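These notes concern the structure reproduced below.
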Amino acid sequence: MKYFLGFLFSALLLAAPAARAQGPGNGGPRPGAVTDVPVDGGASLLLAAGAAYGLKKLRRRARR
């Protein structure tokens, strides 16, 4: 186990510069191009899931 953790740490350390590397950019969006991003789809699902989880925890706490 000790050797595995050392190997894993070394592999992650050596892979870090390659993970941060980026290719040349394209100069940004063209003039007049639509750059809007629909944020509401995933955010509303996450909000609903958080509310449901909170209600579940509150109900469980009230039973005790």
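The values are calculated or read from the model by the stated rules, or taken from the named source; none is laboratory data. Since the model is a prediction, treat every value here as computed from it, not as a measurement. Ligands, DNA and RNA are stripped out before the accessible areas are found, and what is left, the full protein with its side chains, is counted by its heavy atoms. Shrake-Rupley method; radii C 1.70, N 1.55, O 1.52, S 1.80 Å.
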Can you name the residue in region 7-41 that is under 20 Å from the mean Cα position of the chain (by Cα), among the aliphatic types (A, V, I, L, M) and part of a loop (DSSP other than H, G, I, E, B) and, of all such residues, is modelled with the lowest pLDDT?
A21
Do we find that L46 is part of a helix (DSSP H, G or I) and open to solvent by 100 Å² or more (accessible area, probe 1.4 Å) in this structure?
yes
